[in-house]
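Enquirer: First the structure, then my questions, so here it is.
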Amino acid sequence: MRLTQFFLPTVKEEPADAIVVSHRLMIRSGMIRQLTSGVYSALPLGLRVFRKVENIIREEMNAIGGNEFYLPAISPSELWSETGRLEDYGDLMFRIKNRDLVLCPTHEEVFTSIAKPNLISYKDFPQVWYQIQSKFRNEERPRGGVLRGRQFTMKDAYSLDATWEGLDKAYDNMAKAYRNIFTRCGLDFVVVSAHSGAMGGSASEEFMVPAAAGEDNIAVSEDKKYASNIEVAVSFKNKVERKNSDLKPEEFHTPDIKTIDELAEFVKTNDKSRLAKSRVFVNVKKEGNEFVLVLVCGDDEVNESKLQNYFGINIRAAHSEELAEISGADAGSIGPIGLKNKKIKIIADLLLEDSDELISGANKNDYHYRNIDLKRDVQGIEYKDLRTVREGEDTIDKKSKLKITKAIEVGHIFKLGTKYAEALGAKFLDAEGKENPIIMGSYGIGVERTAASFIEQSNDEKGIIWKGEIAPFDVILISLNQGNEEIKTFCEELYKELNSKNVEVLFDDRPDLRPGVKFNDADLIGIPLQLIIGEKNMKAGNVEIKIRSNGERIIVKKEDAVSKIMELNS
RNA sequence: CGGAGCGUAGCGUAGCCCGGUAUCGCGCCAGUUUUGGGAACUGGAGGCCGCAGGUUCGAAUCCUGCCGUUCCGACCA
C-alpha cells in the first residue's frame, strides 16, 4: 500500500477528549474516529489491525471444529422475553422504536433458536458455532475509546452438547483456543476465575490483560497458582475470635459518628474487625422486595457480586428512604439489633461467624450497641463469604500472598448449562428416546478491545509499538526524497519485490515532506520495521533498517535490503 | 443514577468575570528557498462562537431551557 493512496489521518496534537493511552494513540495514529459517545468508526489502519485479530480468532475457532455463522444484529424482543433477559438487561439493551425489535447485545437466544429445530437427536452433537459480528450495548458510561463502547465487534461462540462431559470438553478446548489466540495477539494475559453475572450458568473464566486502564480488579497470587476476578476472589483470614464473656448488649451515645473510621477513633481501638459494618440491600422481586442486612468486619467491604450469587442478579443497595423505613435510622447507625422491620433477613460474613463483643449501629441515629453476640443476640442469622479480598492477604492454602491489579477483560468463557435451552424449549432425544435440553457453553472475545489492550501494553512516548501477528503492516518503506530519481526508482523496486514476497509493506512515497515528518509518523503508527532510503546512505550503496521496538538501526548494503527485512520479519 | 467540566475554523486554544461581530498555534491553498528527526519567508482561504428562546440600541460574553461530549463517583453505613 502506498501512503499517497492510503487514508491515514495522523494527528500531531493530543486529542482533548482522550485520556486513556490506547484511546489517544488510536486516534493519533489514524486507526479510529469517534462518531458519538461510545461509537467509533474504524479507519483503514485500524481495520487492518482488527481484521488481523479476527483472522487469528477465526483460525483458532476453525481449528477446534467451529462453524462460522453470520447472524442478524436485530432480533424480535419476544425472543428475549422468553429467557427473561429483556428485563434483566433493562436499559443496557437498545430497543427499536417503530418495530418490536431489539439490537442484540449478545446472541445466545438467536443461536439457540437455530439449534432448537435442527439439533434434535443426540447424534447431532457436539457442535461449536461462532460468529464475528457487531454487538450493541447501551452502556451508561462509555469510556477509554473502544475499551467500552456502545457498538463493538465481538466473536461469540457457543458449544452445544448432549452431555455434561461434552460441555466440559468443549469448554477446555475453547480455553486452549483462547490461550492460543491471545498469545498470538502478543498479549500478556492472565486467566482468572470469574463471576457469571447476567449470563447465568456455572463455571466461568476471564482472560485478563493487566493494564492501568482496566476496569476490573484481579487478585493473583505471587506464586501465580491462584488468579481470580476480585468479584469472586477468596483468601485465608482468621475468624474474629470469640471471647465468651457474659457482657450484655449496651446502647451508647455516638454523636455525629457516621463512618467506621470515626467510630474506631471514638471507641479508641485499632482493631476494626469487631466494629461490624452493616449494609442494607434490596433483592428486587416481582412479588415484592426482599431486604437483606449484610454484616462484615469494619475494615472489610461487602462484595456485591458474591451477594448476587446468593440472591440472583437483582440486588441493589437500599435507598436512604428505604433505610429509614427498615431501620429507623440513617446509614451510619444501622445494625442487627433493634431493627424496625423484623422480617429483614440478616447475613454476616464468615469471619464474623459466632463472634461476640461486637459494636454496631443501634438503628437509632447517633447511637451504637456494644457487646453484641451474634450467636446469642441475632436469631436466624446466616453466614456466607461476603467480603472483598485485599492486597497482601494469604491465599487459601497459605502458601502465597495475593496481589491486586487492574486489568482489561478481553475474553470470557462460560459453562451455561441448560438455561437457554430450557427457556426456549431446545430439546433433543437421547439414546433412550428421552427428551433433554441442549447443554450449552458461551464464549466471547472483544475484537477492538483486544487491539486496544495490546496498545496499552506496548507503546512509548512516540507512539504505538506493534509486534508480531497483529501489526497493521510488517514494514514501512520510507523514501526520504522522492525528488531524487535514484531513490525513487530504488524504492519502487523494493516495494515491488517485498510485495512479491508477501511482505506487507506500507510505502511512504509522499513527496515534498521533510524527513522528520515521515519519521514521526512511522514511529507513531508503530510498524515493527522501518526501511529508510535516503541520500546519505545511498551514496555509500547502503540503506538503513530501524527496529521500532528497541530503536536499533541496522545499515545494510542496498542489495541485501530485502533479504534482511525477510530475516527480521520472520 | 449522583457530581464536576467543556462545547469558538479540520485539530488544539484565547476571549466570557467586566456586552461593541473573534485571538493565537498547528494544519490547509499559492509562490520562493529548503530537504536524515514535526522547515523559513511572503501572500491567502476558512467561523449561524452547540441549538432555541430571553434581556439589551447591541450577545461568543448576561439569563432560561435544551442538546452534545468528557471526566470522577456509584460510596460511606
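What follows is calculated from the coordinates using simple rules that are stated; it is not laboratory data. Predicted, not measured: the structure shown is a model, and the values here were computed from it. Cβ atoms come from the backbone with ideal geometry, glycine included; neighbour counts cover every protein chain shown.
Enquirer: Name all residues of the stretch A:385-409 having a backbone nitrogen under 14 Å from the label point set 7 Å from the Cα of A:Asn270 along its Cα→Cβ direction, giving them as ranges.
Expert: Nothing falls inside the zone, counting backbone N under 14 Å.
Enquirer: A follow-up question, please. Restrict the search to the stretch A:455-542; then list the GluC sites (Glu not before Pro) that DSSP places in a loop and that have at most 14 other Cβ atoms within 10 Å of their Cβ.
Expert: Loop-located and lightly packed - A:Glu461.
Enquirer: While we're on this one: Note down the net charge around A:Asp271, summing +1 for each Lys or Arg and -1 for each Asp or Glu among other residues with Cβ under 15 Å from its Cβ.
Expert: +2
Enquirer: Let me ask something else. R0 = 56 Å: FRET efficiency of A:Asn118 with A:Glu486, Cβ-based, nearest 0.05?
Expert: That gives a FRET efficiency of 0.30.
Enquirer: Could I ask something else about it? Mind sorting A:Arg137, A:Arg48 by how few other Cβ atoms lie within 10 Å of their own Cβ, fewest first?
Expert: A:Arg48, A:Arg137
Enquirer: Next question. With each label point set 7 Å from Cα along the Cα-Cβ vector, what nm distance links A:Asp377 and A:Asn67?
Expert: For A:Asp377 paired with A:Asn67, the spin-label model returns 6.3 nm.
Enquirer: Could you please state, rounded to a whole Å, how far the C-alpha centre of the stretch A:139-162 is from the C-alpha centre of the stretch A:458-518?
Expert: That distance is 34 Å.
Enquirer: I would also like to ask the following. Using only alpha carbon positions, build the gyration tensor of the stretch A:50-172, then give the equivalent ellipsoid semi-axes as the square roots of 5 times its eigenvalues, largest first, whole angstrom.
Expert: With the √(5λ) rule applied to the stretch A:50-172, the semi-axes are 26, 20, 12 Å.
Enquirer: Where Lys and Arg each count +1 and Asp and Glu each count -1, what net charge lies around A:Phe7 among other residues with Cβ under 12 Å from its Cβ?
Expert: Combined, the nearby Lys, Arg, Asp and Glu give +3.
Enquirer: Starting at 0 and stepping by 5 Å, how many percent of the alpha carbon pairs of the stretch A:221-324 end up in each bin?
Expert: 2, 9, 15, 17, 18, 15, 13, 7, 3, 1
Enquirer: So if I take the centroid of the Cα atoms in the stretch A:21-85 and the same for the stretch A:169-232, what is the distance between those two points in Å?
Expert: 20
Enquirer: Which entries of A:Lys52/A:Lys501; A:Lys123/A:Lys169; A:Lys243/A:Lys285 show an alpha-carbon separation above 28 angstrom in the structure shown?
Expert: A:Lys243/A:Lys285
Enquirer: With just the Cα atoms defining each centre, how far is the stretch A:369-447 from the stretch A:302-349? Give it in Å.
Expert: 22
Enquirer: Lys/Arg Cβ at +1, Asp/Glu Cβ at -1, dipole of chain A taken about the Cα centre: which of A:Gly516, A:Ile465, A:Ala264 is farthest positive-ward?
Expert: Of A:Gly516, A:Ile465, A:Ala264, it is A:Gly516.
Enquirer: May I pose another question? Rounding to the nearest 20 debye, state how big the charge dipole of chain A is about its Cα centre with +1 on each Lys and Arg Cβ and -1 on each Asp and Glu Cβ.
Expert: 700
Enquirer: Determine, for the stretch A:298-402, the count of lysine pairs separated by eight or more sequence positions (or lying on different chains) whose alpha-carbon distance falls under 30 Å.
Expert: 29
Enquirer: Please give the net charge around A:Ile114, taking every other residue with its beta carbon less than 15 angstrom from that of A:Ile114, where Lys and Arg add +1 and Asp and Glu add -1.
Expert: -4
Enquirer: Loop-only chymotrypsin sites (Phe, Trp or Tyr not before Pro) in the stretch A:237-286, please: DSSP not H, G, I, E or B, and at most 11 other Cβ atoms within 10 Å.
Expert: Those that pass, being in a loop and sparsely packed, number zero.
Enquirer: OK, next. What is the magnitude of the charge dipole of the stretch A:37-184 about its Cα centre, with +1 placed on the Cβ of each Lys and Arg, -1 on the Cβ of each Asp and Glu, and no other charges, expressed in debye to the nearest 20?
Expert: Its charge dipole is roughly 840 debye.
Enquirer: Please identify the trypsin sites (Lys or Arg not before Pro) of the stretch A:285-352 that satisfy two criteria: DSSP loop assignment and at most 14 other Cβ atoms within 10 Å. Which are they?
Expert: Counting only loop positions with at most 14 other Cβ atoms within 10 Å, the trypsin sites (Lys or Arg not before Pro) in the stretch A:285-352 are A:Lys285, A:Lys286, A:Lys340, A:Lys342, A:Lys343.
Enquirer: Go through A:Ile476, A:Ala324, A:Tyr367 and say which Cα lies farthest out towards the positive end of the charge dipole of chain A; charges sit on Cβ, +1 for Lys and Arg, -1 for Asp and Glu.
Expert: Projecting each Cα onto the dipole axis, the largest value belongs to A:Ile476.
Enquirer: Then there is this: Taking every DSSP beta bridge with both residues inside the stretch A:434-570, roughly what % is antiparallel (nearest 5)?
Expert: So the antiparallel bridges in the stretch A:434-570 amount to around 55 percent.
Enquirer: Per residue of the stretch A:558-570, what does 6.51 cos²θ - 1.76 cosθ + 1.60 with θ = phi - 60° give for ³J(HN,Hα)? Whole Hz please, x for Gly and Pro, Karplus curve as stated.
Expert: Residue by residue, the stretch A:558-570 yields 4, 6, 9, 4, 5, 5, 5, 4, 4, 5, 5, 7, 8 Hz.
Enquirer: Have a look at A:Pro437, A:Gly551, A:Leu275 and report the one farthest towards the positive end of the charge dipole of chain A, computed about the Cα centre with Cβ charges (Lys/Arg +1, Asp/Glu -1).
Expert: Sorting the options by dipole projection puts first A:Gly551.
Enquirer: Let me ask something additional. If you put +1 on each Lys and Arg Cβ and -1 on each Asp and Glu Cβ, how big is the dipole of the stretch A:414-536 around its Cα centre, in Debye rounded to 20?
Expert: About 460 debye.
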